[in-house]
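**Q** Handing you a structure now.
Laboratory data are not the source of any read-out in this text; all were calculated from the coordinates shown. Here the structure is a predicted model, which is why all the values come from computation and not from measurement. Counting neighbours? That spans all protein chains shown, and the Cβs are built from the backbone with ideal geometry, glycine included.
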Amino acid sequence: MSHNIKILPGATVCEDCTLEGDITIGGGTVIHPRVTIIAEGGPIIIAEYCLFEEYSTIIHKKSDKQENPPKPLFIGAHNVFEVGCKLESPCGHIGESNVFECRSFVGVDVKIGSGCVIGAACSLNAPQTLADNTVIWGSEHHNREALEKQPSQMLQLDFLSKVMPNYHRLRKPNVHKRQTSRQSQEPIKA
Amino acid sequence: MAYLTQPDYVKYVCSCGQLKPITNLYFCRHCLQIRCAFCICHEVDSHYCANCLENMPSSEARLKKNRCSSCFDCPSCFHTLSTRATLAQPRQSTEQGSGDTKVENKQPKKMYYLSCFNCRWTSRDVGIPDQPVASGGWPERANPYATRVNQLLDYYKAIAQQEKQEKLDRERKKFAIRGKYITLTDKTGLTGAMARNIAGLPSSESSSSAIASFTPSQASEEVEELPEEFYTKELNLNQITSMPQRLASPEWQPTHVSRLHPIAKLLSVKRSQRCRVCDHNLTKPEYNPGSIKFKIELLAFYHVPEVKIISYEPIKPGCTSALLLKLTNPTGHEMQIRLMQPEDIPEPEERVDEPKSIEKSLEKSLNLEKDTSWYETVKRKPILLTECRITIPDVTLTLAQRDDAAEYDDDATHDANDIILWRKSNKLALRLQVVTSGEAQAGAAAGAVLALQYRYRNAVPPAAQPPRDHTLHAALRLHLGPVCG
Ligand SMILES: [Zn+2]
Ligand SMILES: [Zn+2]
Ligand SMILES: [Zn+2]
Ligand SMILES: [Zn+2]
């Protein structure tokens with residue numbers, strides 16, 4: 001598998017994580033150690049200010065009816081992936097300001113809008129589309145519609161990007177500003 | 001032993017006949033009997049809020065309808081709501097409109113709202129305005145049926161009072177027949193109404209007026225028809241409340257999620273337990289709600305020898321299987337244990353050899369008046385018939401007292417004995433034989449019964465007597481998995 005990791009300026013990416021395939025990480029995004037992001041079915045593009053906590057796993061799965069060139073998996077801004085959550089998706093798009101709580105699982109045929117919360121240990125396997133601001137919680141997967149998007153984690157991200165360099169080896173941003181704008185344009189066209 | 005998630009393999013027979021794991025049983029040191037939650041008296045010690053740990057007397061709790069005034073539960077998922085702070089930006093438009101006059105007021109103000117960490121419901125979802133203070137001040141919703149509920153309350157209070165009065169009158173008549181005593185009212189010529197007035201009690205007239213003016217509600221045949229939209233309009237389940245959500249606030253029973261309102265948190269109680277036979281406390285918690293300790297804690301786990309199943313051979317009809325048990329002496333005194341069949345437990349005899357003091361006889365006469373009919377209805381004979389029968393060895397086992405330091409000692413000593421497998425401080429392992437009858441059905445649950453006769457030293461005897469040893473019995477039922485085919 002080709003390794004083509006693009007880290008934009010302002011992103012905090014720990015060295016101790018598994019990044020495979022064609023991955024673009026937006027500015028302001030924080031990736032904790034032990035995170036796994038595998039782009040085997042196509043590129044993964046992560047927008048700005050996302051938070052990936054320890055042991056979260058994002059896999060862009062290979063599928064049989066793959067288009068050529070493969071469609072990228074685009075993860076919108078301000079998404080929070082809490083400890084141990086898992087997302088397997090060949091679908092092209094994850095909205096913004098979603099929260100994937102601890103040990104939640106999102107299977108392949110789930111389309112996720114914006115402002116959704118997948119509760120701790122909830123697992124979504126059946127093909128479905130989550131409307132914006134859907135909150136799923138509890139062992140019985142109750143769901144409700146929130147009035148507004150979840151508050152952003154800007155303070156936390158700010159803090160982490162200041163503190164993490166003191167305790168972890170980081171991967172250096174390898175894309176310059178000029179290229180940045182072109183990169184982030186791509187998914188919108190796609 | 002009781003497990004958190006597994007079934008209870010060893011159950012003890014309570015003095016009332018219930019089968020319970022040892023961790024759910026109490027031991028009355030005064031009756032020297034095993035008691036369970038089913039046959040003891042539960043009393044409320046104190047009311048407190050489990051969230052803020054505020055303590056309140058029962059009268060106040062009743063006044064507040066057993067709810068905390070500062071904590072709330074989520075109306076959506078019933079988890080406790082947390083208070084969250086936000087910085088409210090002063091409105092831009094007003095800023096510009098009023099110009100320089102509000103410059104010093106520009107600092108963002110801290111505002112608070114309630115939020116649920118489980119389902120992410122917030123007080124903003126239903127349009128409750130943010131509050132400038134962290135606790136309290138949340139708008140309360142008035143109960144639309146408050147007047148009717150109060151009417152009902154008054155009515156039943158009046159009825160209760162009337163019944164009490166009637167009972168008192170009856171009592172007085174009894175005394176009058178005896179003719180020995182002169183009641184206060186008789187002597188002074190006061191009437192009942194005057195006496196009530198002096199005592200500050202509401203006069204009987206007012207209570208009777210509450211009864212007279214009360215109108216019972218009427219059931220009606222005619223029910224409003226459902227509006228047309230119930231049949232035609234598409235339902236959005238996200239907008240409709242669930243049944244538990246409606247029942248959680250019975251005053252309003254919101255049908256729409258936009259009408260959900262924080263639920264004032266229900267108070268918890270600290271309970272103490274009392275033996276119903278001798279009226280002594282079995283457990284008494286410390287008063288402070290933050291403390292999980294007990295002042296009195298007479299649990300069977302600390303007084304009755306504990307039996308655990310180590311392992312057993314599969315139970316087959318008509319076969320003999322080995323059964324390994326572990327016995328533990330939880331007390332601070334050496335204990336002699338004999339195994340026996342439950343049917344060989346001698347019937348408890350009335351203890352008549354007790355020294356008869358004045359106190360005792362007084363107690364007895366009080367006990368005579370005590371209503372003990374409950375015990376007859378509660379008591380049952382446990383079903384201890386099983387297809388498996390444990391062959392009981394005729395030995396007396398001696399178990400050392402519990403010694404917490406011995407936990408760190410060396411390996412167990414292995415006795416050269418067919419019955420005792422090993423010993424280690426206050427524990428020993430036994431090897432027993434289980435004979436299964438040929439009629440046992442394959443697949444059915446196999447159970448065996450066993451009784452223990454043990455010497456128990458009552459270390460805290462009443463009034464400075466020397467500690468006394470008692471011979472006590474406990475019957476228990478072991479679950480040995482399914483009968484194999
Ligand atoms: Zn009982
Ligand atoms: Zn409280
Ligand atoms: Zn909730
Ligand atoms: Zn008792």
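**Q** Can you pull the one-decimal nm distance between simple spin-label points at B:SER220 and A:LEU147, each 7 Å off the Cα toward Cβ?
**A** That separation, rounded to one decimal, is 3.4 nm.
**Q** I would also like to ask the following. Using the basic label-point model (7 angstrom from Cα toward the beta carbon), what is the B:MET111 to B:ALA322 distance in nanometres?
**A** My value for the distance between the label points is 7.5 nm.
**Q** If the chain between B:ASP418 and B:SER213 were fully stretched, how many nm would it gain, using 0.36 nm times the residue separation less the Cα-Cα distance?
**A** Between B:ASP418 and B:SER213, full extension yields 65.6 nm more.
**Q** Please tell me which of these pairs span more than 18 angstrom C-alpha to C-alpha: A:LYS6/A:LYS172; B:LYS11/B:LYS381; A:LYS6/A:LYS62; B:LYS11/B:LYS308; B:LYS326/B:LYS424?
**A** A:LYS6/A:LYS62
**Q** Let me ask something else. So how compact is segment A:1-96: Cα radius of gyration and Dmax in angstrom?
**A** Values for segment A:1-96 (Cα only, Rg and Dmax): 12.1, 36 Å.
**Q** In percent, what relative contact order does chain A have, based on Cα pairs under 8 Å that are 6 or more apart in sequence? Intermediate values should be presented prior to the final figure.
**A** Working: 531 pairs, mean separation 34.0, N = 190.
It comes to 18 percent, rounded to a whole number.
**Q** What is the average number of partner chain Cβ atoms found within 10 Å of a Cβ in B:108-120?
**A** Details: counts 0, 0, 0, 0, 0, 0, 0, 1, 2, 3, 7, 10, 13.
Rounded to a whole number, the mean comes out at 3.
**Q** Suppose each label sits 7 Å from its Cα in the direction of the beta carbon; what would the B:SER242-A:ALA131 distance come out to in nanometres?
**A** Those two pseudo-labels are separated by 1.8 nm.
**Q** To the nearest 20 debye, what is the magnitude of the charge dipole of segment A:4-189 about its Cα centre, counting +1 on the Cβ of each Lys and Arg and -1 on the Cβ of each Asp and Glu?
**A** 600
**Q** Averaged across the residues of A:132-143, what count of C-beta atoms belonging to other chains lies within 10 Å of each residue's C-beta?
**A** 3
**Q** Let's test the formula: R0 of 41 Å, r as the Cβ-Cβ distance of B:GLU140 and B:ALA37. What FRET efficiency results, to the nearest 0.05?
**A** Using R0 = 41 Å, I get an efficiency of 0.65.
**Q** I would also like to ask the following. Count charges around B:ARG29 for me, please; just the other residues with Cβ under 14 Å from its Cβ, Lys/Arg as +1, Asp/Glu as -1.
**A** Details: positive: B:ARG35, B:ARG274, B:LYS284, B:ARG457, B:ARG468; negative: B:ASP279, B:GLU297, B:ASP469.
It works out to a net charge of +2.
**Q** Using 0.36 nm times the number of residues separating B:ASP344 and B:LEU235, minus their current alpha carbon distance, what extension gain do you get? List each step's numbers first, then the result.
**A** Working: separation 109, 0.36 × 109 = 39.24 nm, distance 6.74 nm.
That works out to 32.5 nm of additional length.
**Q** Would you calculate, for chain A, the mean residue ellipticity at 222 nm contributed by helices, counting each DSSP H stretch of 4 or more residues as -39,500 (n - 2.57) and dividing by all residues, to the nearest 500?
**A** Value at 222 nm, helices only: -4500 deg cm²/dmol.
**Q** What does the structure give for B:123-130 when I average, per residue, the other chain Cβ atoms found within 10 Å of the residue Cβ?
**A** 1
**Q** Additional query: Work from the charge dipole of segment A:4-189 (Cβ charges, +1 for Lys and Arg, -1 for Asp and Glu, about the Cα centre) and give the residue of A:ALA131, A:VAL99, A:CYS50 farthest towards its positive end.
**A** It is A:CYS50, whose Cα lies furthest towards the positive end.
**Q** For A:LYS65, put the label point 7 Å out on the Cα→Cβ axis and report which residues of segment A:12-48 keep their amide N under 15 Å from it.
**A** Inside the label zone: nothing.
**Q** Continuing with the same structure: If each Cα of segment A:4-189 is one equal point scatterer, what is log10 of I(q)/I(0) from the Debye formula at q = 0.10, 0.19 Å⁻¹?
**A** Each listed q corresponds, in turn, to -0.36, -1.35.
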